[in-house]
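First the structure, in the form of structure tokens, and then the observations on it.
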Amino acid sequence: MAKKPSPQPSAGVPGEGAKAYVALGSNLGDRRANIESALRELSKSVRVIKTSSWLENAAVGGPSDSPPFLNAVAEIETTLPPRELLQTFLTIESTLGRKRREKWEPRLIDLDLILYGNSIIAEKDLHVPHPLMHERAFVLKPLLEIAPQAVHPIFNRTIAELANDIGIH
């Protein structure tokens, strides 16, 4: 998928949209079409600024025979608060046919909120930044492509620095 150049939105100034990043993945069906459908649905609620290239990788954390994932990251601008944005993601997943039965099972589509401005949120079902993002090449590699200078608000380190820590250059 080609990157879409555009002006940089604000990082959460009151009254303006917040910059956020969403990881998208699919390992069932037509993976590319699933992610493209999710991006189309997402663009009905937020402004999709740019998307990374596709990244194919082995499934992480699920059954050993899980099919490989196709992953990407999108930079978005949104006026939705984080909890409403999460609900939007869950609605899109459901609309596109995802059934949640067990953690890390193969899935048609997966949308994860990776960063939301410089917010740090630790609630029962909402953690921002994503608590495993700094360990996952399938998140950091596409994020590095579109936002190398974005800062992880807990570690106070750039995506480029975090990617380097796990051998992504």
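Close Cβ contacts (under 7 Å, 6 or more residues apart or on different chains) running from residues in region 142-156 that are β-branched (Val, Ile, Thr) to residues that are at pLDDT 95 or above and surrounded by 19 or more Cβ atoms within 10 Å (Cβ to Cβ) comprise ILE146/SER52; ILE146/VAL73; ILE146/GLU75; ILE154/PRO129. Considering the conditions (1) crowded, with 20+ Cβ neighbours inside 10 Å; (2) modelled with pLDDT under 95, LYS103 is excluded by exactly one of them, (1). Looking at region 13-28, is at least one residue among the charged types (D, E, K, R) and at pLDDT below 90? Yes: one or more hits. State yes or no: is LEU115 over 26 Å from ASP30 (Cβ atoms) and under 12 Å from the mean Cα position of the chain (by Cα)? Spelling it out, LEU115 is indeed over 26 Å from ASP30 (Cβ atoms) and under 12 Å from the mean Cα position of the chain (by Cα).
Checking each residue of region 84-94 against the condition of being within 21 Å of LYS44 (Cα to Cα), under 13 Å from the mean Cα position of the chain (by Cα) and in contact (Cβ under 8 Å) with a residue 60 or more places away in the chain gives at least one match.
The values are calculated or read from the model by the stated rules, or taken from the named source; none is laboratory data. Worth saying up front: this structure is predicted, and the values here are computed from it rather than measured. Neighbour counts run over all protein chains shown; Cβ positions are idealised from the backbone, glycine included.
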